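Take a look at the structure below.
Please treat every number below as a calculation from the coordinates, not as lab data. Predicted model only: the values in this text are computed from it and were never measured. Here the Cβ is made from the backbone with ideal geometry for all residues, glycine too, and neighbour counts use every protein chain on show.
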Amino acid sequence: MYGLGAKATVNIAEALYVGLITDTGRFMYENTGPRAHVMAADLIEKGVDVHEIYRRVYEGLPYAKLALLARGLAKVARYDGGRLTVTELDARDFAESNAEESYSEGVIDFLRAVEGTAVAALIRDRISDNGGGPARKVSLRASDERVDVSAIARTQGGGGHRQAAGFSTSMSWDEVVAFLREEVALQLAGSARA
């Protein structure tokens, strides 16, 4: 199956389908092409129950995840005419909402969807032991094709791709915001000159 040398079982097909829908943002991201849809059709023919997978992946939301999302949305700040939309989740947010670190997944998608946003950023405290490394993780998403967030992340030792990237840092909220404002402005100014 797909060059893996594995027999096409329903379990394998389901795992591949979950990877496919999450990597393509439910077939909405730019990395979605005809091959992704053909692969989905092939996996469905192998026995994947699309509705059940959707329910298991996107529904059945733990209350703690909703509580964490509410905290993140309550802290949204916009800069430079809304081009940069940012929020933060600190250790207190995780503790008071009884949320696991993974529950912050998806918060940034709400920020990216805000009209006028070129770059969305989620600055969150690291809750799990990170071996004494940087205290925060910054996730970036671009919704403006003129901005390459992987270039921004690489300047801080991070990585990713053009539309989704991140880095770890010990910078404060104000320092991260100032850094992001400058980087986004430089990229937008550079594209205006091109």
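Annotation: lysines with alpha-carbon distance below 23 angstrom to residue 7 (same-chain offsets under eight excluded): 46. Among 37, 51, sorting on how many other beta-carbon atoms sit within 10 Å of each Cβ, with the fewest leading, yields 51, 37. Bridgeable lysines around residue 65 (alpha carbons under 22 Å apart, same-chain partners fewer than 8 residues away excluded): 75, 137. Taking every DSSP beta bridge that has both ends in the chain, the antiparallel portion is near 75%.
How do 39, 28 line up, fewest other C-beta atoms within 10 Å first?
Numbers: 39 15, 28 9.
Placing the least packed residue first, the sequence is 28, 39.
Along the axis of the charge dipole computed for the chain (Cβ charges of +1 for Lys and Arg, -1 for Asp and Glu, origin at the Cα centre), the listed residues 164, 34, 122 are led at the positive end by 34. Per-residue Cβ neighbour counts within 10 Å put 84, 66, 122, 20 in the sequence 66, 20, 84, 122, beginning with the fewest.
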